[in-house]
Every structure is written in structure tokens, then in C-alpha cells.
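Below is one structure, written out as C-alpha cells; the observations come after it.
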Amino acid sequence: MTPGRLAEVLGAPPVPRGTWEREALYVSTAALRHGERAGERAAELALRLRALPGIEEVRVRPGGFLEIVVAVPGELVGEAGAALPGAAPPGGVLPDQALPGAVLPDQPLPDRVLSGAALPDPVLPDPVLPGAGRSGDAAEGRGAPGPPEPRGPSPWPQGTPWSPGTWDNPGFVVGYAHARAVAVRRWAAELGVAGAFRPELLADRWDRAVLRALAEAPGRRVSRDPGWAAYAERLALAYHDAFERAPALPRGDEAVSALHVARVRLAGAVREVLAEAMAEVGVIPPDRL
């Protein structure tokens, strides 16, 4: 069950609530539009929702609020980037130079991954940039200009939003997450990570945290005040945690599994939604950092 399918019944995308660690919960105020009939309308909607495959539970709360629990939150990956613009915005921010010594992740997969060492990053290996706290590093951004027009000026540093390459710079946090997601997809192709997508395998707490963040995208697309910059930062942080704690690529002699395939698909959804959010604030998404 996906936000898009729920919106077909409710008339608008529901809003995700909670951490999703235990249950994938959405809340809808669709019935409230019916005024005094809100309670009656909520009961009608609940009946329709309970008849749908993939719905685990529907709770009607006082006042007509609906709480909807979906059984397999990973199913939203298939539609997560459905509204992705064709390219970055005109006038978007293109970093004018790479930081010295940057490693480009489109190079052949490093031997240290094949040997089972830590997952490589599209980053500066040494030294770690001052203030970096996760896997730390620096950036080069590339992209092609094109529509749509940004809704407003970028809230991140102009010219080189990924600099300084520290975790207290939101532009770096978001750009680095996009570059990581792009690199995962590329490295997955080199390692032969392929197969049927099994969304139910995205059940780890780190995977579910990313899904929880992705679930906000449909509602933000129809909001008068979508808050794309703050949203991109939260999604990026969730993805950094998943990247480091829930590996998408096999290591050493580890065989490719359906879980790896699912996490690579998740990386693709993150890449698309981050690109969309960055385009909305006038920043060209970087494929490498």
C-alpha cells in the first residue's frame, strides 16, 4: 500500500506519523472536510480502506481523524520519485569547483569493497574534514540545467553549497546523501546486484526510518508551504544512517541477496526525491562529492 493509492480513496495524501519503527502509521483529516458529518464520513472511509490489500489496521479517532497502518511500508518505494522533474532548475546552484583531492565514485569499484572492507564513499579518504562526524568528506557536484523554476532562493551556501564539507552545513548533508545514493546504484550494477524487488524486506529500523521520510514527499508536493529544504535535510540524515548501518551492497564473499536488491531500490528512491527537493530550492543535485 502506497501514499498514492491511499490518496485515491482519501482525496489527498495522508501524513506519516511516528517513527515507523514498530508500525507504519499515516494520519488523514479527509473526513473533517464534511463538517458535522465528519464522524460518519470517517467511518465510511475506514470501511473502504480496510477492504484494500496491504492495510493492516484503520482506527477512527474522535472528531473524524483516521489512523491508517500499512502492512508493507516498503511498497512506497515504487512511487517515491513519481513527480521527479526532468532536470535541475535554470539558475540552479552548480558548485564551481571540486574540493581538492576528491575521489569520484564513477571510477571502478574499489578493491576494499570486494575484499569486505568498509563500504566506500564518494568522498575524501584523508584527512577527514574538520567537523565531519559520520564518514566525513568533500565534494564535487555536477548536473545539467533545465526546468523547473525554483520556488525560492537556496537556503544553503551559494556557489558551492557542499562547502564547507561538514555535518553542520545542511547543503553538504543533502548533497552528500544524493551522491551516496547515486554511487550505490552505480556500484550495485558493477557487483551484479539485481533481481525482483521484495519491499517486505525493508524492515530494519534504519530502512524504515528512510521510508518514513520518503512517505512525506506526496503531501509536500501538494502543500502550499512544502518546506523542501528542511525536508531534504531530514531525509538525507535518515539515509546517511541507513547507508552506514544497513549496507546495500554485499561485502567480501557475501552473496547478493534480495535484501541488497531492496536496499538498492531504496537508494534509487532517495536519489530521486532528494533531486526533486533540491531542484525546488534551486540547487543542482551532485552525482559525485
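The values are calculated or read from the model by the stated rules, or taken from the named source; none is laboratory data. It should be emphasised that the depicted structure is a prediction, and the values quoted were computed from it without experimental measurement. So basically every Cβ, Gly included, is an ideal-geometry build from the backbone, and we count neighbours across all protein chains shown.
How do the pairs read when you match residues in the stretch 210-229 that are on the phi > 0 side of the Ramachandran plot with residues anywhere that are modelled with pLDDT under 95, using Cβ under 8 Å and keeping only pairs 6 or more apart or on different chains?
Close Cβ pairs satisfying both conditions: G227/R220.
Taking the stretch 217-268 as the region of interest, how many residues are under 23 Å from A7 (Cα atoms) and of a type in the set (F, W, Y)?
Of the residues in the stretch 217-268, 2 are under 23 Å from A7 (Cα atoms) and of a type in the set (F, W, Y).
Quick grid of which residues meet (1) over 17 Å from the mean Cα position of the chain (by Cα); (2) of a type in the set (D, E); (3) over 23 Å from G18 (Cβ atoms); (4) surrounded by fewer than 20 Cβ atoms within 10 Å (Cβ to Cβ):
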{"residue": "D204", "(1), (2), (3), (4)": "no, yes, no, yes"}
{"residue": "V210", "(1), (2), (3), (4)": "no, no, no, no"}
{"residue": "P218", "(1), (2), (3), (4)": "no, no, no, no"}
{"residue": "D225", "(1), (2), (3), (4)": "yes, yes, no, yes"}
{"residue": "P250", "(1), (2), (3), (4)": "yes, no, yes, yes"}
{"residue": "E254", "(1), (2), (3), (4)": "yes, yes, yes, yes"}
{"residue": "S257", "(1), (2), (3), (4)": "yes, no, yes, yes"}
{"residue": "L274", "(1), (2), (3), (4)": "no, no, no, no"}
{"residue": "P286", "(1), (2), (3), (4)": "no, no, yes, no"}
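Taking the residues in the stretch 47-88 that are among the charged types (D, E, K, R) and within 23 Å of A181 (Cβ to Cβ) as candidates, determine which candidate is modelled with the highest pLDDT.
Applying the filter and picking the extreme gives E75.
Please state which one of R234, R263 is surrounded by fewer than 21 Cβ atoms within 10 Å (Cβ to Cβ), in a helix (DSSP H, G or I), outside the structural domain of E21 (by TED's automatic domain parsing) and not aromatic (F, W, Y).
One residue alone meets the criteria, R234.
Residue check, T29 against (1) out of contact with any Asp or Glu (no Cβ under 9 Å at 6 or more places or on another chain); (2) buried (at least 18 other Cβ atoms within 10 Å of the Cβ), all met but one. Which one?
(2)
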